[in-house]
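Peer 1: Just dropping this structure here.
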Amino acid sequence: LHPLTWMGVPWLASLAIAFSAGFFITIWGALLVALWAGSFKFLEKTSSLRSPNRLFWTLARVLVGTAIWCGLEGIWSSGPLWWTSLSYTQSPHNLLILHLGQLTGPSAATAAIVAVNGLLAESWLQKQLPATPLLLRPSTRLSVASFLSPAKIYLAIAATLLLSLHLIGFNLYSYPLAHPAEAAVRVGLIQGNIPTRIKLYEEGVRRALNAYVTGYNILADQDVDIVFTPEGALPIYWVPSDYPSNPVYQSVLNRGVPLVLGSFGKQNEQITQSLFAIAGNGEIVGRYSKIKLVPLGEYIPFQRFLGGLINRLSPVEASMVPGEFDQEFNTPVGRAIAGICYESAFSRLFRVQAANGGEFILTASNNDPYSSTMMFQHHAQDVMRAIETDRWAARVTNTGYSGIVDPHGRTLWLSDNNIYEIHAENIYRRQTRTLYVQWGDWLTPLLLVSALAVGLGIKSD
């Protein structure tokens with residue numbers, strides 16, 4: 001974020017703000033790890049989970065550690081500040097393991113990572129201990145211990161689990177995708193590349209109008225079915241009284257091609273970050289308002305207590321309000337699963353919209369002034385959401401990376417960053433329901449209940 005001098009913030013104050021925000025986010029992420037380690041250590045000290053030479057207790061430790069981590073991720077992801085699920089480390093390259101997300105969401109890949117690494121850790125710990133036989137059934141103890149040490153057994157279990165999970169993912173990945181002509185939607189994307197430092201001022205509005213009117217007309221000439229624009233493409237209030245004088249709205253009336261426009265909306269005299277679906281005749285047929293607002297950037301957490309002490313890191317003059325959780329975003333080409341910027345990290349938002357009839361994913365983001373690393377992280381989040389919901393995804397951003405992702409997580413097109421770019425591509429409406437869409441995250445409760453049952457068994461023993 002630094003420097004924020006374009007907002008009128010002095011250079012040193014900008015540095016302090018950026019450092020403080022980074023420090024808080026780091027502490028918030030580290031707290032999850034600390035709670036996991038502390039909980040696990042506490043259970044080890046108060047139970048037989050410490051017994052190093054029992055196969056059952058070793059597997060129980062791995063189960064408990066996996067359950068605690070998944071439970072903590074579930075708590076963190078339900079809050080306002082979330083980005084770094086362990087499962088996300090596999091995106092966008094390990095598409096096989098990411099397909100486990102179709103079964104139970106991101107917790108599946110997270111559990112796989114914790115369990116496999118836990119078994120590897122147990123194997124390594126066994127190597128540090130004096131050689132002792134693994135406690136198995138008496139009939140098998142001598143024959144097994146004679147050629148297979150505990151460390152090798154845990155290593156073999158880890159390898160078997162890793163291979164099995166990838167085979168399950170490969171089976172899901174291999175499922176063919178249908179491309180029926182009646183489900184095709186030719187979408188046009190406009191990456192406006194308007195820097196945030198000028199976006200909300202007169203020059204930025206002028207550049208935005210020119211960029212999106214020009215891009216819209218070019219894409220209309222390419223016979224697209226609908227045009228998508230990024231979050232806050234037009235940084236103005238989108239209200240009916242201004243429609244007649246707005247060049248973008250007039251272009252829609254003249255060309256008749258539907259448009260999804262990112263702009264500011266109003267709700268009870270407060271601001272929303274919204275997407276407006278505009279039909280070819282100019283009618284607003286759908287609206288989606290951002291649910292997961294960015295702390296400090298779009299609203300002040302605990303405003304009653306902190307509002308007088310801090311200013312939001314945004315030049316918008318009023319706090320935004322979040323949209324309703326159960327929104328349905330209808331467009332002229334079908335019902336969309338919408339996400340605005342930061343929401344890409346919250347898988348539950350996408351699952352609920354898919355369960356309510358969403359046929360394709362549309363994410364609209366700004367991504368300026370962040371680096372290409374963050375832009376690619378954002379793309380990786382949307383790859384996961386496409387796989388979990390079994391939907392095509394169209395990503396449109398202000399500065400990159402915009403892209404098209406198929407339901408298997410394959411990136412069919414990716415823009416360059418920090419340039420003006422337009423693109424037309426076919427995506428397809430789908431109405432399938434993955435196990436995750438239908439049942440949600442059932443794995444985390446199952447792991448927690450199993451860990452609790454094991455814990456009660458240990459206490460009884």
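Peer 1: State which residue is surrounded by the fewest Cβ atoms within 10 Å (Cβ to Cβ) when the search covers only segment 50-101 and only residues that are aromatic (Phe, Trp, Tyr) and modelled with pLDDT under 95.
Peer 2: Step by step, filter segment 50-101, then rank; the result is Phe56.
Peer 1: Where in segment 192-308 are there strands (runs of 3 or more DSSP E), lying wholly inside it, with at least 1 residues that are modelled with pLDDT under 95, at negative phi and surrounded by fewer than 16 Cβ atoms within 10 Å (Cβ to Cβ)?
Peer 2: 234-237, 259-267, 270-278
Peer 1: Given the conditions (1) surrounded by 24 or more Cβ atoms within 10 Å (Cβ to Cβ); (2) over 17 Å from the mean Cα position of the chain (by Cα), report the number of the one that Thr434 does not fulfil.
Peer 2: So the condition that Thr434 fails would be (1).
Peer 1: Output the residue which, of all residues in segment 347-388 that are among the hydroxyl-bearing types (Ser, Thr, Tyr) and farther than 21 Å from Phe228 by Cα, is nearest to the chain's Cα centre (by Cα).
Peer 2: Selected residue: Ser347.
Peer 1: Given the residues Ile387, Ile361, which is the only one that is surrounded by 22 or more Cβ atoms within 10 Å (Cβ to Cβ), part of a strand (DSSP E or B) and aliphatic (A, V, I, L, M)? Let's see the steps before the verdict.
Peer 2: Values: Ile387 fails: part of a strand (DSSP E or B).
After ruling out the rest, the residue left standing is Ile361.
Peer 1: Taking the criterion of being without any contact (Cβ under 8 Å) to a residue 40 or more places away in the chain, charged (D, E, K, R), out of contact with any His (no Cβ under 8 Å at 6 or more places or on another chain) and farther than 27 Å from Thr363 by Cα, would at least one residue in segment 151-173 satisfy it?
Peer 2: yes
Peer 1: Just the residues that are within 20 Å of Ser289 (Cβ to Cβ) and among the aliphatic types (A, V, I, L, M), please, taken from segment 357-377.
Peer 2: Ile361, Leu362, Ala364
Peer 1: Here's something else I'd like to know. Tell me whether segment 367-375 contains one or more residues that are assigned to a helix (DSSP H, G or I), without any contact (Cβ under 8 Å) to a residue 12 or more places away in the chain, out of contact with any Ser or Thr (no Cβ under 6 Å at 6 or more places or on another chain) and not assigned by TED's automatic domain parsing to the domain that holds Ser78. Walk me through it before giving the result.
Peer 2: We begin by selecting, within segment 367-375, every residue assigned to a helix (DSSP H, G or I); these are 372-375.
Then drop every residue that is not without any contact (Cβ under 8 Å) to a residue 12 or more places away in the chain, which leaves 373-374.
Within this subset, residues satisfying the condition of being out of contact with any Ser or Thr (no Cβ under 6 Å at 6 or more places or on another chain) are 373-374.
Narrowing further to those that are not assigned by TED's automatic domain parsing to the domain that holds Ser78: 373-374.
Among the residues of segment 367-375, at least one is assigned to a helix (DSSP H, G or I), without any contact (Cβ under 8 Å) to a residue 12 or more places away in the chain, out of contact with any Ser or Thr (no Cβ under 6 Å at 6 or more places or on another chain) and not assigned by TED's automatic domain parsing to the domain that holds Ser78, which makes the answer yes.
Peer 1: Taking segment 102-159 only, how many residues are hydrophobic (A, V, I, L, M, F, W, C) and either in a loop (DSSP other than H, G, I, E, B) or modelled with pLDDT under 80 (or both)?
Peer 2: Number of matching residues: 10.
The values are calculated or read from the model by the stated rules, or taken from the named source; none is laboratory data. Bear in mind that the values here come from a model prediction, so they are computed numbers and not experimental data. Please note: Cβ atoms are built from the backbone with ideal geometry, for glycine as well, and neighbour counts cover all protein chains shown.
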